[in-house]
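These notes concern the structure reproduced below.
The values are calculated or read from the model by the stated rules, or taken from the named source; none is laboratory data. Just so it is clear, the structure is predicted and the values come from calculations on it, not from any experiment. Please note: Cβ atoms are built from the backbone with ideal geometry, for glycine as well, and neighbour counts cover all protein chains shown.
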Amino acid sequence: MKKSAVIILLFFLCYQAETQNHRPPESASSGIFYNSICYAGAQTFYIVGDSGYLLKSVNGGESFFRLNPQGSGTLYSVSFINPDTGYISGSNQLLLYTNDGGGHWMSRPANIISTVWSLHATTQNTVWAVGVLDECLGGPGAWFSCGEIIKSVNAGSSWTRESWGMVNTMLSVWFPSPDTGYVVGDYSICKAYNGGVWNANWIGTSTIFNSVHSPHAGTAYAVSLDGIVVKTANSGNSWDIIQAGFGTLGSVWFTSDSTGYIGGTSGSILKTTDGGQTWTLLNTGTNQFILSIAFSSPDTGIAVGSNKTILRTINAGITWNDVITGTGKEKEISGRLRIAPTPATDVITVTFPESVSSGFITVYSVGGATLLKQTVSGTKAKIDVGRLTKGVYFLQFLNCEKSLSGKLMKD
């Protein structure tokens, strides 16, 4: 093929990745898309989606409540290093940072990239982001500077380019360790080693890889919009196509070297227990497109997708149950619990943003264990925490109307 033809083809693929936005045709799915989920530890999950949707769970995904970041555009990716510290990215160069569990958000615009499709925090202050440059959206002639990988080591306050004018749109990033990571995009996979030296592998198929996950540095998996699953078992030096023909795939997650899950159109979630050689189709009870999967343990996982779909399993995928069914009845947060005194020694006063009908306040350990549970109502409640040991605890109020959360320091 002539060089000019190659250039046109490369730009076309880059532009198609931008317009497809990791999704099947709109006729296949409808409503609000939940685009990304992450597990932050201590039984805490975060979900982001269209129209500024940001949801949080502090009870292992049993229930979610809505947080309110600034703006109402599409949110594409979420990554938290712990229950309090994390990032979300969205349309129009939106990138936000929180260090209080989503109570407050600080703008961290990654001006190098016009759209951050995916990000991954690896340490308290280090975060990687991948996406597409403004130039890529300008039409033919800008093809050479389409994809980009950037990094911040100061919690997003400033960014450096880690790749220069990569031809391919970068769609997903995952770091199994602070120094080793993988990025996928248009028919290519890039690997980082030593914290930022990048090598590219060109996969022998014209497809768009839009999700990558690695259980550890030596093994990684990626899936594509064309139903292809690829794997590396030698730290990214080479990749093999291990499955094809699964239909449009949106997500991949492995809980170990051998056990993993992929999600796609028509509610399909497939599971492997032999490192991807064979796959079993699981019964999810939905026909919605599965865009993102995350597990907090080998047994407990959450899958999200189109039409506000949230599914939860607690038995390694044998059964999946709706957490939010897409009816728009998710619990809304109208504020945070005010807790005093803090640090506390014995009795605390919890103040609600407004009077609440009867519900429960639950106190969780950092590890997610339930330590106290008390029925409350009204505008304030007193809770005896005297028997708790010194440390950090999470509080959640829950009733049939809303969910509110807060954090307690105990002396």
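Take the residues in the stretch 369-400 that are within 26 Å of the chain's Cα centre (by Cα) and of a type outside the set (V, I, T), then tell me which one is surrounded by the fewest Cβ atoms within 10 Å (Cβ to Cβ).
My answer is A369.
Conditions: (1) under 24 Å from A217 (Cα atoms); (2) in contact (Cβ under 8 Å) with a residue 40 or more places away in the chain; (3) crowded, with 19+ Cβ neighbours inside 10 Å. L270 meets all but one. Number of the miss?
Of everything listed in (1) under 24 Å from A217 (Cα atoms); (2) in contact (Cβ under 8 Å) with a residue 40 or more places away in the chain; (3) crowded, with 19+ Cβ neighbours inside 10 Å, L270 misses just condition (2).
Do any strands (runs of 3 or more DSSP E) lying entirely in the stretch 200-282 carry at least 1 residues that are acidic (D, E), and which ones are they?
So the answer is 240-243.
Could you tell me which residue of the stretch 99-117 is farthest from R336 (Cα to Cα), considering only residues that are assigned to a strand (DSSP E or B) and of a type in the set (A, V, I, L, M)?
Taking the candidates together, the pick is V116.
Considering only residues that are over 24 Å from I81 (Cα atoms), in contact with a Gly (Cβ under 8 Å, 6 or more places away or on another chain) and aliphatic (A, V, I, L, M), which ones fall in the stretch 281-322?
Hit for the stretch 281-322 is L282, nothing else.
Per-residue answers, yes or no, for (1) over 17 Å from I81 (Cβ atoms); (2) outside any strand (DSSP E or B); (3) at pLDDT below 85:
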residue: A129; (1), (2), (3): no, no, no
residue: C136; (1), (2), (3): yes, yes, yes
residue: E148; (1), (2), (3): yes, no, yes
residue: N154; (1), (2), (3): no, yes, no
residue: S163; (1), (2), (3): yes, yes, yes
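Among the numbered conditions (1) more than 24 Å from N111 (Cβ to Cβ); (2) modelled with pLDDT under 80, tell me where I189 comes up short.
Among (1) more than 24 Å from N111 (Cβ to Cβ); (2) modelled with pLDDT under 80, the lone unmet condition for I189 is (2).
Taking S72, is it at pLDDT below 85 and either among the hydrophobic types (A, V, I, L, M, F, W, C) or in a helix (DSSP H, G or I) (or both)?
No: the conditions fail for S72.
Consider S296 carefully, then state whether it is at pLDDT below 90 and small (G, A, S).
no
Before we move on, is L67 in the same structural domain as V252 (by TED's automatic domain parsing), surrounded by 20 or more Cβ atoms within 10 Å (Cβ to Cβ), in contact with a helix residue (DSSP H, G or I) (Cβ under 7 Å, 6 or more places away or on another chain) and of a type outside the set (S, T, N, Q)?
No; evaluated as a whole, the condition is false for this residue.
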